[in-house]
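Worksheet: the structure to be examined is printed underneath.
The values are calculated or read from the model by the stated rules, or taken from the named source; none is laboratory data. Please read all numbers here as calculations on a predicted model, not as lab measurements. A quick note on method: Cβ atoms are made from the backbone with ideal geometry, for glycine too, and the neighbour counts reach across all protein chains shown. Just so you know, the surface numbers come from the protein's heavy atoms only, side chains and all, with ligands and any DNA or RNA stripped out. Shrake-Rupley method; radii C 1.70, N 1.55, O 1.52, S 1.80 Å.
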Amino acid sequence: MNRISTSLVVAVAAFAGLALHAEDFRPLMKTSLATWPAKQHIGVICDYAASRDEVMALARAAGEGAFITVADTRRAEHATSAAHLIANQGTDYLVLLPGDRVFRDGSFGATQAILQLGKRGVPAIGTTPVALKQGAVFSVGDGTNGQLLVTDRLIGTVDVILPSRAMTEKGALVLRETGMASIAVMPAE
């Protein structure tokens, strides 16, 4: 019995450690700021309850003065409405969260959202190589081992400056903390 409880404690600690790891968005935000210095309104589509830690990590990396609009949705079928919500809020670009269960890099929901946003002139960026395959304009982060990957083709997005290889609506939840971006969470469903 003692062995079983010890094994369970070790398993729980291992899973807790995995859950606490959030993407380091600093390289992505540094690249986006260098590429688009005037663009401070970031869009995110995710299940906010499950991806809150990643959204907070993004807000810390984006820094004070930036604004994040989160389209809170839990189903891939709502990709189009979430993309329209993001575009209608005047976001400058979409950041894909690599750990979101529905709208992560490479997911069907993220691909649909990127295509819809591309039609509206809103580019997407990510942290893994697969983000480029689904339409992101550049990607840098843990998934690329810190290497900046830039697309060789844009899907539907017009007038986007690529990096060199070297407000809220009524009823929205707005979070503010010193030293990080403000966050508005809105239901997209």
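Pairs only if they're at least six apart or on different chains, beta carbon under 7 angstrom, first in the stretch 26-54 and open to solvent by 20 Å² or more (accessible area, probe 1.4 Å), second part of a helix (DSSP H, G or I); list them, first residue then second. Once the first residue is open to solvent by 20 Å² or more (accessible area, probe 1.4 Å) and sits in the stretch 26-54, its partners that are part of a helix (DSSP H, G or I) give ARG26/ALA61; TYR48/VAL55.
Residue count for the stretch 79-89 satisfying the condition of being closer than 13 Å to GLN112 by Cβ and either surrounded by 23 or more Cβ atoms within 10 Å (Cβ to Cβ) or charged (D, E, K, R) (or both): 4.
For the stretch 24-52, the set of residues classified as in a helix (DSSP H, G or I) and within 17 Å of GLY143 (Cβ to Cβ) consists of ARG26, PRO27, LEU28, MET29, LYS30, THR31, SER32, SER51, listed by residue number.
Reported count of residues in the stretch 114-128, each being open to solvent by 10 Å² or more (accessible area, probe 1.4 Å) and under 12 Å from LEU96 (Cα atoms), is 1. Per the conditions (1) at pLDDT below 95; (2) of a type outside the set (Ser, Thr, Tyr); (3) within 19 Å of GLN40 (Cβ to Cβ); (4) open to solvent by 30 Å² or more (accessible area, probe 1.4 Å), the sole criterion not satisfied by ASP92 is (1).
For LEU148, the conditions (1) open to solvent by less than 90 Å² (accessible area, probe 1.4 Å); (2) over 14 Å from the mean Cα position of the chain (by Cα); (3) at pLDDT 90 or above; (4) over 24 Å from PRO37 (Cβ atoms) are fulfilled apart from (4).
Taking the stretch 64-89 as the range and being in contact with a helix residue (DSSP H, G or I) (Cβ under 7 Å, 6 or more places away or on another chain) and in a loop (DSSP other than H, G, I, E, B) as the test, only THR73 passes.
Scan the stretch 100-113 and give yes if some residue there is within 20 Å of SER32 (Cα to Cα), assigned to a helix (DSSP H, G or I) and either open to solvent by 30 Å² or more (accessible area, probe 1.4 Å) or touching a helix residue (DSSP H, G or I) at 6+ places or on another chain (Cβ under 9 Å) (or both), otherwise no. So far as the stretch 100-113 goes, yes, one or more of its residues are within 20 Å of SER32 (Cα to Cα), assigned to a helix (DSSP H, G or I) and either open to solvent by 30 Å² or more (accessible area, probe 1.4 Å) or touching a helix residue (DSSP H, G or I) at 6+ places or on another chain (Cβ under 9 Å) (or both). A search for C-beta distances below 6 Å between a residue of the stretch 55-75 that is surrounded by fewer than 18 Cβ atoms within 10 Å (Cβ to Cβ) and any residue that is assigned to a helix (DSSP H, G or I), counting only pairs 6+ apart in sequence or on different chains, returns nothing.
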